[in-house]
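The values are calculated or read from the model by the stated rules, or taken from the named source; none is laboratory data. Being a predicted model, the structure only gives us computed values, none of them experimental. So basically every Cβ, Gly included, is an ideal-geometry build from the backbone, and we count neighbours across all protein chains shown.
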Amino acid sequence: PDDAMRMALLSAAARGVDVTLVVPEKPDGRIVKLASQAYFEELLEGGVKIAQYGDGLLHTKAITV
């Protein structure tokens with residue numbers, strides 16, 4: 001996520017909102033995987049849950065409130 005999205009996710013989690021980020025278990029490339037996982041530790045420490053989708057490539061970009 002970009003900085004604004006990352007901060008919004010962390011802010012919502014800090015307010016007690018149940019935030020779950022769904023990412024593909026196997027991204028479509030090594031660089032994509034490294035880039036997306038670079039934020040995992042910060043998000044997890046901030047209370048954001050991360051679920052890995054394992055039934056194929058997940059290319060959806062969506063937010064549900």
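Tabulated data
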| item | result |
| --- | --- |
| Test result for Leu44, more than 18 Å from Ile63 (Cβ to Cβ), aliphatic (A, V, I, L, M) and touching a strand residue (DSSP E or B) at 6+ places or on another chain (Cβ under 8 Å) | yes |
| Answer from Ala51, Ala8 - the residue that is surrounded by fewer than 13 Cβ atoms within 10 Å (Cβ to Cβ), modelled with pLDDT of 75 or more and within 12 Å of the chain's Cα centre (by Cα) | Ala51 |
